[in-house]
Amino acid sequence: LKQGTSKYIYSIERYFMGINLIGAEVRRLNLKYYNFQGTTISDTVFKQCQFYDNNFQKVKTKDVKFEMCDIKKLKLNADRGSQEVKINDCYLSDSELSGLKKLSIKDCRLQDVTISVYARDEVILENCIVYSLYIKSLGSGNSGIVKFNNCIFKSQIALKEMKGKIEIAGKCIKVSADNLFKNQENASISGSENIL
């Protein structure tokens with residue numbers, strides 16, 4: 001754990017419940033069964049960490065980055081006032097992400113990931129390999145927008161009551177012979193001509 005200085009703290013508690021984690025850089029830690037519930041996380045980078053079965057329920061986020069991490073069984077249910085979270089060059093599996101105004105996932109592999117979208121939320125997936133992905137709407141009315149840019153799709157994407165917009169920008173490759181989206185009745189999909 002690095003916080004604004006050149007000193008490292010190697011001993012950390014298993015529970016971060018209800019604290020403020022601001023301006024921190026967490027590097028190369030194995031975080032198993034950690035509970036961040038109710039925590040405020042701001043201007044923080046998790047780099048080359050392993051996450052396994054971590055609870056990020058009701059967290060408040062602002063400018064949080066996960067870089068080169070192995071993330072499994074992450075439950076990130078952010079407080080509705082939360083801001084941008086970036087996930088870059090990570091392996092993300094068996095995880096649920098919701099409540100973020102802006103979620104950017106770039107250069108990642110996704111396996112059994114569920115992304116829940118509220119109205120005015122924006123989710124951007126860029127240069128990702130998508131093995132299995134579930135997208136669903138939360139709240140009443142139309143949800144936000146999910147954008148795919150230069151992604152490779154290994155299987156169908158399940159839309160669970162998705163009422164928002166799906167946008168395909170940049171050339172995307174679909175490996176499966178099936179339609180890319182399953183249960184797409186209520187979603188507005190554009191850019192399908194960019195799927196090869």
Given the conditions (1) more than 13 Å from the chain's Cα centre (by Cα); (2) not in a strand (DSSP E or B), every one holds for Gln83 apart from (1)
Take the conditions in contact with a strand residue (DSSP E or B) (Cβ under 9 Å, 6 or more places away or on another chain), closer than 17 Å to Ala24 by Cα and polar (S, T, N, Q) and apply them to Ser42. Does it pass?
yes
Matching residues in the range 164-186 (open to solvent by 20 Å² or more (accessible area, probe 1.4 Å) and either within 19 Å of the chain's Cα centre (by Cα) or small (Gly, Ala, Ser) (or both)) number 6
Given (1) at pLDDT below 90; (2) crowded, with 17+ Cβ neighbours inside 10 Å; (3) among the hydrophobic types (A, V, I, L, M, F, W, C), Ile19 misses just (2)
Residues of the range 158-177 being acidic (Asp, Glu) and not in a strand (DSSP E or B), in sequence order, are Glu161
So Glu167, is it out of contact with any Leu (no Cβ under 6 Å at 6 or more places or on another chain), over 21 Å from Leu92 (Cα atoms) and at pLDDT 90 or above: yes
Over the range 64-91, the set of residues farther than 24 Å from Arg28 by Cβ and touching a residue at least 24 places away in the same chain (Cβ under 8 Å) is Arg80
Counting only residues in the range 137-152 that are outside any strand (DSSP E or B) and without any contact (Cβ under 8 Å) to a residue 40 or more places away in the chain, the one nearest to Val113 (Cα to Cα) is identified as Cys151
Only one of Ser104, Ser155 is closer than 25 Å to Cys69 by Cα and assigned to a strand (DSSP E or B), namely Ser104
Scanning the range 145-163 residue by residue, the ones that are open to solvent by less than 40 Å² (accessible area, probe 1.4 Å) and at pLDDT below 90 total 1
Going by the conditions given, is Asp94 of a type in the set (Asp, Glu), in contact (Cβ under 8 Å) with a residue 12 or more places away in the chain and more than 22 Å from Ser132 (Cβ to Cβ)?
no
Among (1) open to solvent by less than 30 Å² (accessible area, probe 1.4 Å); (2) closer than 28 Å to Asp53 by Cα; (3) not in a loop (DSSP other than H, G, I, E, B), Tyr134 falls short only on (1)
Quick count over the range 73-90, residues being buried (at least 21 other Cβ atoms within 10 Å of the Cβ) and polar (S, T, N, Q), is 1
- Go through the residues of the range 104-112 one by one and say whether even a single one is among the small types (Gly, Ala, Ser) and under 23 Å from Met17 (Cα atoms). no
By residue number, the members of the range 5-16 that are under 13 Å from Gln37 (Cβ atoms) and either surrounded by 12 or more Cβ atoms within 10 Å (Cβ to Cβ) or at pLDDT 85 or above (or both) are Tyr15, Phe16
A careful count of residues in the range 40-72 that are farther than 16 Å from Leu21 by Cα and either among the acidic types (Asp, Glu) or open to solvent by 50 Å² or more (accessible area, probe 1.4 Å) (or both) gives 8
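The values are calculated or read from the model by the stated rules, or taken from the named source; none is laboratory data. Keep in mind it's a predicted model, so treat the numbers as computed, not measured. Don't worry about glycine lacking a Cβ; one is built from the backbone with ideal geometry, like all the others, and counts go over all protein chains shown. The area values use the complete protein model at the heavy-atom level, side chains included, leaving out ligands, DNA and RNA. Shrake-Rupley method; radii C 1.70, N 1.55, O 1.52, S 1.80 Å.
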